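Following: one structure in structure tokens, then a few remarks.
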Amino acid sequence: MEEKKQKHKILVLSNLNKSITDVLKSTISLAKIIDAEIHLFYVKKPTDIVEKESQLSAIREINKEHITTKQEIQNIINPMVKEYGIKINPKFAFGNVKNEIEAYIDQQQPDIIVLGKKKSKLFKLFGDDNITQFVLKKHKGVILIVSEKNSLDPNTVFTLGMLNQAQDTVNVDFAEQLLKHAEEPVRLFKIVKKQNNPQPKETLNNKTIEYVFEESDNAISSISKYVAKNKVDLLYVNRKQNQKKSEFISPIQIDDIITNFNVSLLLTGV
């Protein structure tokens, strides 16, 4: 008897702000495409809960906050579970944000971590600018950064773009499912060392359109405008360092990509 393949595990890290709906919708969209289970994790600092010095009062406030937080999370996820028919496993903790996140990642070993991104700035996850960078360094697997402006919609095809990546060399294990659900043609954006002004080039099978950009200080900014013009919903970016010398620039600075693109980003593992 053939052994059943284990589902991918997606972990959503959120501070439960107003963008959580978009983040969860994008997560559900990806989960449906690759048949994954969803976990939601939220951390709150004790200093945001306890104001009084009395130990008894502190215990009471923490117990009260525990009930309130549990209900808040259920109020967020229950309507989405009902609408999209997919289970979301929530958990929260009170403590040091980075320590709790690190411990949870080590315990759960997620395949994909989902973060939020607000407009053109790094999302202040849990009120700390450094959490996004912390997760990028901590997690060696796939990371989905959801744009508040361009999130994914469950049960709807999406426009896929790829940065410095050929369609046939996508190195995530759910590449086939991803490409199957993407709208054709896939947009390929490439940076080369010597090239004339970017010109779209459609491949013979009409499944991709390629845009080539010459290496320059404003190449990333130029590509971001083409990404917006093409109404790309999800941009695939390879975090692995390219060890081979080629026409492509390596490495691409992930920070520059996150900062300049107002689109949801799928960053590969390293």
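The values are calculated or read from the model by the stated rules, or taken from the named source; none is laboratory data. Quick caveat: nothing in here was measured; it's all calculated off a predicted structure. All Cβ positions, even for glycine, are placed from backbone atoms using ideal geometry, and neighbour counts span all protein chains on display. The protein model used for the area step is the full one, side chains on, heavy atoms only, and it has no ligands, DNA or RNA in it. Shrake-Rupley method; radii C 1.70, N 1.55, O 1.52, S 1.80 Å.
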Practice prompt. For residue 152, indicate whether it is open to solvent by less than 50 Å² (accessible area, probe 1.4 Å), part of a loop (DSSP other than H, G, I, E, B), of a type in the set (A, V, I, L, M) and at pLDDT 80 or above.
Written response: yes
Worksheet entry | Within region 164-196, considering residues that are more than 14 Å from residue 234 (Cβ to Cβ) and under 19 Å from the mean Cα position of the chain (by Cα), the one modelled with the highest pLDDT | 176
Worksheet item: Of the residues that make up region 88-96, is at least one closer than 25 Å to residue 265 by Cα, at pLDDT below 85 and surrounded by fewer than 20 Cβ atoms within 10 Å (Cβ to Cβ)?
Response: no
